[in-house]
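Right, one structure below, let's go through it.
The values are calculated or read from the model by the stated rules, or taken from the named source; none is laboratory data. From a predicted model like this one, the values you see are computed outputs, not experimental measurements. Note that we place each Cβ from the backbone using ideal geometry, even for glycine, and neighbour counts take in every protein chain shown.
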Amino acid sequence: MKAVQVQVPGGPENLIEVDLPDPLPGPGQVRVKAYAIGVGRPDVLIRKGTYKWMPPLPAIPGAEMAGEIDAIGEGVQQWQPGDRVLVSARELAQRGGCYAQAIVVPHDAPYRLPATLSFEDAVSLPNLQLALALMRAAGDVHGHNPYALITGASGGVAGMLCQVAKLKGLRTIGTSRTADKSSFALKQGFDHVICTSQENQQERVQQITQGHGLSVVFDHLGGQSLIDGLRSLAPLGTVVSYNIVQGMPTQDVFQVMRDLLGKSLAIRCFSMHTFDEDASLRRGLMHEAIELMANGQLKAPEHQVFKLSEVRQTHELLDKGMVRGKLVMHP
């Protein structure tokens, strides 16, 4: 089978297409034939060799795959060949593994997919699972007509967060660096989008919220973005930091919070790895995501589709911050 490996960490050019023997399921395992493979930021960290939960090299990146079960190991009874499933690396002992034409996983790892969900849409389900978890991490949202700010509004996770926030009754404000990304985010359902290269974010937030500020900020950028988010919060507001793509803030975050002491602000650092040892909660969030998408309450973002052989191109887009919606590869 065809697969993509990282043999030496580095840039997109270090993603190597290889031929590997077809994997065979052992007792208690199933093999999933890929029809759609998701591409995301954890894959970049594996490629760079910096992922905190890094698999051993040579490593196959990839955190999500949708397809059909095509082989069953001894003792497996709940699956049949042809069953439509999603594989999320969050259910595997070792992260990654989905940049391949097939993967062998434990029988209790896959999620059953309803026929109403396309494979391309299904690989966005882990982003929706994350969005549901992030909303839970935000806790009670305070304020009259509360607002949520979501950074990187054109991305796949942000699109899911926007929908979940609106489902919970929040008004949504996205941030984006370019006018075309801002336009894309508005089409994805954001109530407002601030183009940070053309507008002052804090001033626009005050205008949009009529001076009340934000109830919650979902920030994956870090750096100055996290500080700006803190300064834009309403009293009792919370920043949920779930990545630091732009690095750590240069300012003393605690000092900023003390400067704004009268607002009683909070920061929560969040990771889905919090649920690594809580399968019931983790899988419950995914089942909720599947139900929400299957019944049409929430929809998958637009996706850009590539071939597995074009994997380097997908990572170049990620590195340049040029992703709109969800990146998907066909094997």
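I need the full set of residues from the range 282-312 which are surrounded by fewer than 14 Cβ atoms within 10 Å (Cβ to Cβ) and at pLDDT below 95, in order please. The answer is N295, G296, Q297. Filtering the range 253-270 to residues that are basic (K, R) and either surrounded by 12 or more Cβ atoms within 10 Å (Cβ to Cβ) or outside any helix (DSSP H, G or I) (or both) leaves K263, R268. Of the residues making up the range 151-161, those that are closer than 13 Å to T196 by Cβ and out of contact with any Ser or Thr (no Cβ under 6 Å at 6 or more places or on another chain) number 1. For the range 31-45, the criterion of being touching a His at 6+ places or on another chain (Cβ under 6 Å), closer than 24 Å to H107 by Cα and either at pLDDT 95 or above or not assigned by TED's automatic domain parsing to the domain that holds G155 (or both) is met by no residue. Under the condition of being under 16 Å from the mean Cα position of the chain (by Cα), closer than 30 Å to I16 by Cα and small (G, A, S), the residues counted in the range 261-313 number 2.
Residues of the range 132-157 that are farther than 22 Å from L236 by Cβ, buried (at least 24 other Cβ atoms within 10 Å of the Cβ) and either outside the structural domain of I227 (by TED's automatic domain parsing) or in contact (Cβ under 8 Å) with a residue 60 or more places away in the chain (or both): G152, S154, G155, G156, V157.
Condition check ((1) within 24 Å of A63 (Cβ to Cβ); (2) among the acidic types (D, E); (3) surrounded by 17 or more Cβ atoms within 10 Å (Cβ to Cβ)) across all residues:
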| site | (1), (2), (3) |
| --- | --- |
| A102 | yes, no, yes |
| S118 | yes, no, no |
| V123 | yes, no, yes |
| S182 | no, no, yes |
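Does G67 count as touching an Asp or Glu at 6+ places or on another chain (Cβ under 8 Å) and small (G, A, S)? Judged against the criteria, G67 is not a match.
Filtering the range 129-141 to residues that are over 12 Å from K168 (Cα atoms) and at pLDDT below 95 leaves only A137.
When S241 is tested against (1) out of contact with any Cys (no Cβ under 7 Å at 6 or more places or on another chain); (2) at pLDDT 95 or above; (3) under 17 Å from T175 (Cα atoms), only condition (1) is not met.
Pairs linking a residue in the range 70-98 that is in the same structural domain as G26 (by TED's automatic domain parsing) and crowded, with 17+ Cβ neighbours inside 10 Å to a residue that is among the basic types (K, R) and at pLDDT below 95, with Cβ atoms under 9 Å and 6 or more positions apart or on different chains, are A89/R95.
Counting the residues of the range 53-91 that are more than 22 Å from V18 (Cα to Cα) and assigned to a loop (DSSP other than H, G, I, E, B) gives 12. Assessment of the range 237-259 against the conditions (in contact (Cβ under 8 Å) with a residue 40 or more places away in the chain, more than 30 Å from M322 (Cβ to Cβ) and of a type in the set (G, A, S)) yields at least one matching residue. Check the range 4-23 and report whether any residue there is within 28 Å of L281 (Cβ to Cβ) and either free of Cβ contacts under 8 Å to residues at least 24 places away in the same chain or buried (at least 18 other Cβ atoms within 10 Å of the Cβ) (or both). Checked against the condition, which is being within 28 Å of L281 (Cβ to Cβ) and either free of Cβ contacts under 8 Å to residues at least 24 places away in the same chain or buried (at least 18 other Cβ atoms within 10 Å of the Cβ) (or both), the range 4-23 yields no hits at all.
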